[in-house]
Structures are given as C-alpha cells and as structure tokens.
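These notes are about the structure you will find just below.
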Amino acid sequence: MSRVRVHNFSVSIDGFATGEGQTLEDPFGHAGHRLHEWFFPTRTCQRMQGNEDGSTGVDEAVAHTWNVGVGAEIMGRNKFGAERGPWENHDWNGWWGTNPPFHTPVFVLTHHPRPSVEMEGGTTFHFIDATPQEALRQAREAAGGLDVRIGGGPTTVRQFLAEDLVDHLHIAVVPIVLGRGERLWDGLEGLDERFQVESVTTPSGVTHMTFTRP
C-alpha cells in the first residue's frame, strides 16, 4: 500500500507551525517567513521559482525528497487560503499562483465544498468535507499507487497523526520562539513510540527530525 508522508514541515522550538493572525498578505501570521528561511536557499525551493541555482547542502538533501514518489496531496483549507466560512471569491485560487508546485491532485479539507479547480502543470484542487480516513481513501485512489503527502497546516497534520495514518514525518525544528499561533504537538503524547526517530542539525541551525514507521 502507498505510504502517507509529511515533508519539510517547520515548527518553532516552542512547537508552533504557524503564527497568529493569518491574513491574505501574511499566510503565516506574525511568524512571517522565519519558519522557512532554511528552505528558501535550497535548490528545491529555487527550482520551484524557475531558478537553477540553490544550495546543495544537508538542508537540500532533506528538502528535495518532498515530491519524490508522491501522487496526491491533502491539505487544510488554511494552507490554500485565508478566507473563512462560505466561499465568497471563486476567482482567487490560492497562494500558489497559476502553476502550483504540486503537479498532482490536491484535496483541500473544508466544511464548505466548492467545484474543483484545474490549474496549470497538472495540479487540480478538489474541495471536500471529509474525515481523514475518507480524504485519504480519495487521495490514494487519485494517486494511482504512489504515496500521499499531507501538506499541512498544523491542524491537518495533527489530525492525521492522531488517527495514526502517517507513515513518514519530517519536521524541521527552527531555532526561533513564536510564543503564539497554532501548535503541532498538542494531544499527541507518546507519538514517538510509534516511530523510529532520527535527527540531524545543519549549519542553518535547523534540526531535521524524521519519524518513520518501523
């Protein structure tokens, strides 16, 4: 069976995966870009933006695996956009531009389903009101035997971890303190007992932790 994976998921040392006060202009609230500064210089990130340059160190070695063998993604609505409640603007199709980096079917979890949106490059956003189990069933069907990535945000990743549906989890622990926002680890006591855990710290100051099901 295909695996369920989380990659390049950044959290502060006090456990927050996003800041407080998300808006259209500030997707990560008061955290700004600080959680992801380790990722921006990598070749993986640069290629997403059409550039061929980029760092090739340990951060890149970890980052580039995010899309290898992935056939579908599941994300929460807050990763798609900042709008809440019933959709008022169907013309705006997320923070990802006309050619999002996913290039697969993407299942957006929302209590307000809307028609699917087909983008350039093979990404199609499907908006579903579903349990983690049902969302995973649909994503696996769309993935055609490849793995399914849980893209975030923290509430969505936490739900899939709570239901024991994740096989591989990569967390980048960033040496900043946010103090407020949305935490990842709440309610997940004993999570480490389900996985083999490894970690490596890179010159950027980030500790990459991988949780892999034995």
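The values are calculated or read from the model by the stated rules, or taken from the named source; none is laboratory data. Since this is a predicted model, take the numbers as computed values, not measurements. With ideal geometry, Cβ positions are generated from the backbone for all residues, glycine too; neighbour counts draw on all protein chains shown.
A few remarks follow.
- Qualifying residue in the range 81-89 (condition: surrounded by 13 or more Cβ atoms within 10 Å (Cβ to Cβ), out of contact with any Phe, Trp or Tyr (no Cβ under 9 Å at 6 or more places or on another chain), farther than 18 Å from residue 156 by Cα and at pLDDT below 95): no
- Of all positions in the range 184-196, at least one carries a residue that is touching a Gly at 6+ places or on another chain (Cβ under 9 Å) and closer than 14 Å to residue 9 by Cβ.
- Condition broken by residue 136, with the remaining ones in (1) assigned to a loop (DSSP other than H, G, I, E, B); (2) closer than 21 Å to residue 17 by Cβ satisfied: (1)
- Looking only at the range 40-67, and only at residues there that are hydrophobic (A, V, I, L, M, F, W, C) and either within 13 Å of the chain's Cα centre (by Cα) or closer than 17 Å to residue 106 by Cβ (or both), the one that is surrounded by the fewest Cβ atoms within 10 Å (Cβ to Cβ): 48
- For the range 167-180, the count of residues that are more than 24 Å from residue 29 (Cβ to Cβ), crowded, with 16+ Cβ neighbours inside 10 Å, touching a strand residue (DSSP E or B) at 6+ places or on another chain (Cβ under 9 Å) and not small (Gly, Ala, Ser) is nonzero.
- Index of the failed condition, residue 89 passing every other in (1) assigned to a loop (DSSP other than H, G, I, E, B); (2) closer than 27 Å to residue 209 by Cβ; (3) free of Cβ contacts under 8 Å to residues at least 40 places away in the same chain: (2)
- Screening residue 21 with (1) of a type in the set (Gly, Ala, Ser); (2) touching a helix residue (DSSP H, G or I) at 6+ places or on another chain (Cβ under 8 Å); (3) part of a helix (DSSP H, G or I); (4) surrounded by fewer than 21 Cβ atoms within 10 Å (Cβ to Cβ) gives one miss only, at (3).
- Note on the range 181-203: residues that are surrounded by 19 or more Cβ atoms within 10 Å (Cβ to Cβ) and small (Gly, Ala, Ser) amount to 1.
- Scan of the range 111-133 for residues that are polar (S, T, N, Q), surrounded by fewer than 18 Cβ atoms within 10 Å (Cβ to Cβ) and in a loop (DSSP other than H, G, I, E, B), ordered by number: 116, 131
- Residues in the range 149-181 that are in contact with a helix residue (DSSP H, G or I) (Cβ under 8 Å, 6 or more places away or on another chain) and within 24 Å of residue 71 (Cβ to Cβ): 17 in all.
- Total residues in the range 71-95, condition of a type outside the set (D, E, K, R) and within 13 Å of the chain's Cα centre (by Cα): 6
- Residues within the range 24-57 that are on the phi > 0 side of the Ramachandran plot and part of a helix (DSSP H, G or I), tallied: 1
- Residue list for the range 173-212, restricted to those being at positive phi and over 20 Å from the mean Cα position of the chain (by Cα): 179, 190, 205
- Of the numbered criteria (1) part of a strand (DSSP E or B); (2) surrounded by fewer than 19 Cβ atoms within 10 Å (Cβ to Cβ); (3) among the hydrophobic types (A, V, I, L, M, F, W, C), the one residue 107 fails is (2).
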